[in-house]
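Q: Below are the structure tokens for one structure; questions will follow.
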Amino acid sequence: MRWLTGWSGTAPGAGAPGHEALGAVRPIAARTLWTGANPLWAVGDWRPEEIRLVTLRPGAPAVVSTGAPPPDPVADTPATTRLAVLGHCGASDAELAAGLAAARGGAVRHLSTWPGSYTVVLRTGTRSTLLLADLAGALPVFHTPWCGGTAYATAALPLADLVGAPVDAGHLAARLACPESTEALGTGTPYLGVQRVPPGYVLAVRGGRPYTASYDEPAGGPPSRGEAPAVRELTRALLEAVRSRVRPSAPGSPPAPSAGAGPVPERPRLGADLSYGTASATVALLAAAVPPGPAPSVAGAGPQAVPSAPARAGSAGRPVPGPRSEAGERARSGATKGSWARPPADGPSEPEPLAAVTFGEPDGPAVPGGSAVLLPGTPRLRHTVLAVTPRTFPFAGAGADPLAGRLTDEPGPGLVSAARDEARFAAGGTDHLTGYGARQVLDGHPARLADLIRAGRPRELLPPVAARAGADRAVAGVLAGAVRTPVTVLRAAHRLSRIRYADALDDAAVRLIARRGGGAATTAGAGTAGGLSWCVPGPAARWLSDEALSAVALRLRLAARGPAPAEHPGARRARQALYRHAAAYRTLLQAAEQPGQRLHAPFLDNQVVRAARLLPDEVRLQPGARHTLLHAVLAGAGRTDLPADWGRGVRPDTGGPARTGLRLAADGMAELFDRPLLAEAGLIDLAAVRQSLRLAADPGAAPTPETLAGIAELVSTELWLRRVRARRHGSCWTGLPLAERAALPAARFA
């Protein structure tokens, strides 16, 4: 796990409480990025090019350093500004300097507009520190009070170690009951006293006190530009996101992992998922289309002075605010001829192969659906089909050895499929591209139907409602399909468009206590209708105890007494679904990423999320909208040979591996829930959980996707609790006494 940590506050004088602690405490095996009273450290296997520091002093040009150079011996003054960018960032040195100059004047949003996935820390003078959380929530920021100031980190577990925080059972109950509801979750974490900065917000620590504020668009979002301009902007953003990852850090050489990363298995430099969906196939095709050539001009080893004034052109064709990149120009102008995988004149003659990884299912094709047509037209893709073994099924080994996996920052469903994901990522590249997040970023959430009604466009409800109810396949024509659509969907959409926010949360609290919702849909359209609400119970809510459900319902009622959000319910629900998926992806990274490897999810980048926001709701909600959008993106990138129905084939049963894994792991699941920590904390109805596990493991049973998702949430939370308890004597810090902490607090629900 890679993380960034530091603290900010007024340093106590000699003899004051905390004086000795501030001088002695530091993370184990950390790289010092800043020194002084407000230090900053990077911990983990960071690559040299993933750590970029910019220092700006009055009367001198900005100095950019790469790879955590030795601390600057020159003491900071109130006019000194420092910027740290950690992660994969496609900005040039000039862009970093320009962003620092803009942020110094208060425009911190400029620090979130570069391609890639990264964390930004800005220190102004000696008393002010700012950290930006990304828009999707895949790179969160956490903070907690400590020694008269504020400690912050990009992981919650180190801060819990720092202050000795126990596990917050109330937060775990909210995660299981309403995982997509910020009203229930708040800004808490699984650790008491450790707070999360909401996505799209900046954490400002001034004088030791934390403040949070949004740095992104207002709640209503940017105005729609129409379908064609929005698709062009999406094409440009996604091309830049993929291109910045495909270009190597040095021409013809793979990026080397940092010291301490452990042995790196032999694998190609580039890899990509080629799974059942069009999202991963799109990313693989875009990666194969990027011409090899000189690397983008990033800072070399050691400091380098660059002009502090904003530059009008980035290196290697990479844009700064204002100019357009070569890929973006092709997408805007529609000039696609000859742009597919065309190497530059000064690049190598042979493109580097890209490993496309797929699991071969026993009863289906290796590359099902629309992905099968991609391989013949893309010789650069080297297809790798992994054999399916009992170990690669979800839930495999979860009950046999709960402590065998890695301890992640938070629980997540990725813990039950870690072995499967490890096998897939091990066969991929040193930099492995995935399609995670495309559905949440591009698709129209069902709750957006209510936004169409609020906008006065009820006629546009017919195609999406018909598609979501499953009736449009039965009869040709939009109107005929809409006639057969259950009226419950339309009624639910109209109700959501009219109900007050406070009343909706009160209704959700009643539904939660009455255990209504979270079950499988029994009629066409019932699933969509059930999701048309401000707050919807999660798939694991049906197994929670009465005490846990009452605690979560109380949180919802308290939130109902607060101010109502300014945004529409559909946009808010879509944003919350994105946050949940990004958090699950982050847990997956920590559980399955290989040593020295980097997994990339371009769809979760800030610039791609912003571009997708420009898509009109009526475009998102059309049947097959995601496939159409990705088809248009590939066409803008030059891939014009795909069939018109690409991506619209019948998808295989993606829940099949989970059902098989549950049957194979039946004995282990029974042992795991013999004396579970979830029951010890009073979180679950143990008898109901055991009965559901027995039914799901029955060879003749066919658990619904909702049931499988709920079981995965329960199992992953139990695994996480056991690993936290097994580590109660461990710590991420040196200089602190090792105090034993219980895995769960004495009070069940705080």
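Q: Tell me which residues, restricted to region 434-452, are touching an Asp or Glu at 6+ places or on another chain (Cβ under 7 Å) and either in a helix (DSSP H, G or I) or open to solvent by less than 10 Å² (accessible area, probe 1.4 Å) (or both). Walk me through it before giving the result.
A: Taking region 434-452 and keeping what is touching an Asp or Glu at 6+ places or on another chain (Cβ under 7 Å), we get 434-435, 444, 448, 451-452.
Hits for region 434-452 are Thr434, Gly444, Arg448, Asp451, Leu452.
Q: Filter region 673-692 down to the residues that are open to solvent by 20 Å² or more (accessible area, probe 1.4 Å) and touching a residue at least 24 places away in the same chain (Cβ under 8 Å), then identify the one that is nearest to Val724 (Cα to Cα). First the steps, then the outcome.
A: Step one: list which residues in region 673-692 are open to solvent by 20 Å² or more (accessible area, probe 1.4 Å), which gives 674-675, 679-680, 685-688, 690-692.
If we keep only those that are touching a residue at least 24 places away in the same chain (Cβ under 8 Å) as well, we get 680, 685, 688, 692.
Details: Glu680: 15, Asp685: 22, Ala688: 25, Ser692: 26 Å.
Per the criteria, the residue is Glu680.
Q: Same structure again: Listed residues Leu53, Leu131, Leu122, Leu86; which is closer than 19 Å to Pro39 by Cβ, part of a strand (DSSP E or B) and either among the polar types (S, T, N, Q) or open to solvent by 10 Å² or more (accessible area, probe 1.4 Å) (or both)? Give the steps one after another, and end with the answer.
A: Values: Leu131 fails: either among the polar types (S, T, N, Q) or open to solvent by 10 Å² or more (accessible area, probe 1.4 Å) (or both); Leu122 fails: either among the polar types (S, T, N, Q) or open to solvent by 10 Å² or more (accessible area, probe 1.4 Å) (or both); Leu86 fails: either among the polar types (S, T, N, Q) or open to solvent by 10 Å² or more (accessible area, probe 1.4 Å) (or both).
Just a single option satisfies the conditions, and that option is Leu53.
Q: Of these, Leu490, Leu479, which one is more than 29 Å from Phe603 (Cα to Cα), open to solvent by 30 Å² or more (accessible area, probe 1.4 Å), at pLDDT below 70 and not in a loop (DSSP other than H, G, I, E, B)? Talk me through it step by step, then tell me what you get.
A: Numbers: Leu490 fails: at pLDDT below 70.
Sole residue among the options that is more than 29 Å from Phe603 (Cα to Cα), open to solvent by 30 Å² or more (accessible area, probe 1.4 Å), at pLDDT below 70 and not in a loop (DSSP other than H, G, I, E, B): Leu479.
Q: Any idea how many residues of region 91-119 are surrounded by fewer than 24 Cβ atoms within 10 Å (Cβ to Cβ) and part of a loop (DSSP other than H, G, I, E, B)?
A: Number of matching residues: 4.
Q: List the residue pairs whose Cβ atoms are under 6 Å apart, where the first residue sits in region 548-573 and is open to solvent by less than 30 Å² (accessible area, probe 1.4 Å), the second is modelled with pLDDT of 95 or more and not in a helix (DSSP H, G or I), and the two are 6 or more positions apart or on different chains.
A: Ala548/Leu683
Q: I need every pair where a residue in region 37-56 that is under 15 Å from Thr77 (Cα atoms) has its Cβ under 6 Å from the Cβ of a residue that is of a type in the set (Val, Ile, Thr) and open to solvent by 10 Å² or more (accessible area, probe 1.4 Å), sequence separation at least 6 or different chains.
A: Cβ pairs passing all conditions: Thr55/Val63.
Results for (1) more than 26 Å from Thr717 (Cβ to Cβ); (2) out of contact with any Lys or Arg (no Cβ under 7 Å at 6 or more places or on another chain); (3) surrounded by fewer than 21 Cβ atoms within 10 Å (Cβ to Cβ); (4) of a type in the set (A, V, I, L, M, F, W, C), shown as yes or no for each residue.
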{"site": "His600", "(1), (2), (3), (4)": "yes, no, no, no"}
{"site": "Ala611", "(1), (2), (3), (4)": "yes, yes, no, yes"}
{"site": "Val619", "(1), (2), (3), (4)": "yes, yes, yes, yes"}
{"site": "His631", "(1), (2), (3), (4)": "yes, yes, no, no"}
{"site": "Arg639", "(1), (2), (3), (4)": "yes, yes, no, no"}
{"site": "Ala644", "(1), (2), (3), (4)": "yes, yes, yes, yes"}
{"site": "Gly661", "(1), (2), (3), (4)": "no, yes, no, no"}
{"site": "Ala666", "(1), (2), (3), (4)": "no, yes, yes, yes"}
{"site": "Glu671", "(1), (2), (3), (4)": "no, yes, yes, no"}
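Q: Answer with yes or no whether Asp472 is modelled with pLDDT under 90 and either surrounded by 14 or more Cβ atoms within 10 Å (Cβ to Cβ) or assigned to a helix (DSSP H, G or I) (or both). Before you say what the answer is, go through the steps one by one.
A: Numbers: modelled with pLDDT under 90: yes; either surrounded by 14 or more Cβ atoms within 10 Å (Cβ to Cβ) or assigned to a helix (DSSP H, G or I) (or both): yes.
Taking the combined requirement at face value, the residue satisfies it.
Q: Okay, moving on. Can you name the residue in region 56-73 that is in contact with a helix residue (DSSP H, G or I) (Cβ under 9 Å, 6 or more places away or on another chain) and not in a strand (DSSP E or B) and is also most open to solvent (accessible area, probe 1.4 Å) among such residues?
A: Pro61
Q: Let me ask you something else. I'm trying to understand the selection: among the residues of region 603-637, which are touching a Phe, Trp or Tyr at 6+ places or on another chain (Cβ under 9 Å) and not in a loop (DSSP other than H, G, I, E, B)?
A: Matches in region 603-637: Phe603, Leu604, Asn606, Gln607, Val609, Ala612, His627, Leu630, His631, Leu634.
Q: Could you check region 407-426 and list, in sequence order, the residues that are open to solvent by 20 Å² or more (accessible area, probe 1.4 Å) and closer than 19 Å to Leu172 by Cα?
A: Scanning region 407-426 gives Leu407, Pro413.
Q: Same structure again: Report yes if some residue within region 549-563 is at pLDDT 90 or above, hydrophobic (A, V, I, L, M, F, W, C) and assigned to a loop (DSSP other than H, G, I, E, B); otherwise report no.
A: Taking region 549-563 first, the residues at pLDDT 90 or above are 549-563.
Keeping just the survivors that are hydrophobic (A, V, I, L, M, F, W, C) gives 549, 551-554, 556, 558-560.
Imposing the further condition that a residue be assigned to a loop (DSSP other than H, G, I, E, B) reduces the set to none.
No.
Q: Here's a follow-up. Taking the criterion of being touching a residue at least 40 places away in the same chain (Cβ under 8 Å), closer than 20 Å to Trp7 by Cβ and open to solvent by less than 10 Å² (accessible area, probe 1.4 Å), would at least one residue in region 74-82 satisfy it?
A: There is at least one residue in region 74-82 that is touching a residue at least 40 places away in the same chain (Cβ under 8 Å), closer than 20 Å to Trp7 by Cβ and open to solvent by less than 10 Å² (accessible area, probe 1.4 Å).
Q: Another question, then. Take region 230-249 and flag every residue that is touching an Asp or Glu at 6+ places or on another chain (Cβ under 7 Å) and in a helix (DSSP H, G or I). Steps first, answer last, please.
A: Our first condition is that a residue be touching an Asp or Glu at 6+ places or on another chain (Cβ under 7 Å); within region 230-249, this holds for 241, 245, 249.
Matches in region 230-249: Ala241, Arg245.
Q: Conditions first: (1) open to solvent by less than 10 Å² (accessible area, probe 1.4 Å); (2) closer than 17 Å to Cys178 by Cα; (3) not polar (S, T, N, Q). Leu721 passes all but one, so which condition is the exception?
A: The single condition Leu721 does not satisfy is (2).
Q: State all residues of region 574-598 that are among the basic types (Lys, Arg) and open to solvent by less than 30 Å² (accessible area, probe 1.4 Å); if no residue qualifies, say none. Spell out how you get there, then give the answer.
A: Keep residues of region 574-598 that are among the basic types (Lys, Arg), which gives 575, 580, 586, 598.
Scanning region 574-598 gives Arg586, Arg598.
Q: Name the pairs whose Cβ atoms lie under 7 Å apart, with the first residue in region 275-286 and among the hydroxyl-bearing types (Ser, Thr, Tyr), the second at pLDDT 90 or above and open to solvent by less than 10 Å² (accessible area, probe 1.4 Å), and 6 or more positions between them or separate chains?
A: Taking only residues 6 or more apart or on different chains, the pairs are Thr278/Leu630; Ser280/Thr434; Thr282/Leu630; Thr282/Val633; Thr282/Leu634.
Q: Gln597 passes all but one of (1) in contact with a His (Cβ under 7 Å, 6 or more places away or on another chain); (2) on the phi > 0 side of the Ramachandran plot; (3) of a type outside the set (Phe, Trp, Tyr); which number fails?
A: For Gln597, the failing item is (2).
Q: Continuing with the same structure: Quickly run through region 692-741 and pick out the residues that are acidic (Asp, Glu) and within 29 Å of the chain's Cα centre (by Cα). Please lay out each step first, then the result.
A: Here is the first cut: in region 692-741, the residues acidic (Asp, Glu) are 698, 706, 713, 718, 740.
Passing the criteria: Glu706, Glu713, Glu718.
The values are calculated or read from the model by the stated rules, or taken from the named source; none is laboratory data. Since the structure is predicted, the reported quantities are computational estimates derived from the model, not experimental observations. Methodologically, a virtual Cβ is constructed for each residue, glycine included, from the backbone with ideal geometry; neighbour enumeration extends over all protein chains shown. To get the accessible areas, we keep the full protein, side chains included, count just its heavy atoms, and leave off ligands, DNA and RNA. Shrake-Rupley method; radii C 1.70, N 1.55, O 1.52, S 1.80 Å.
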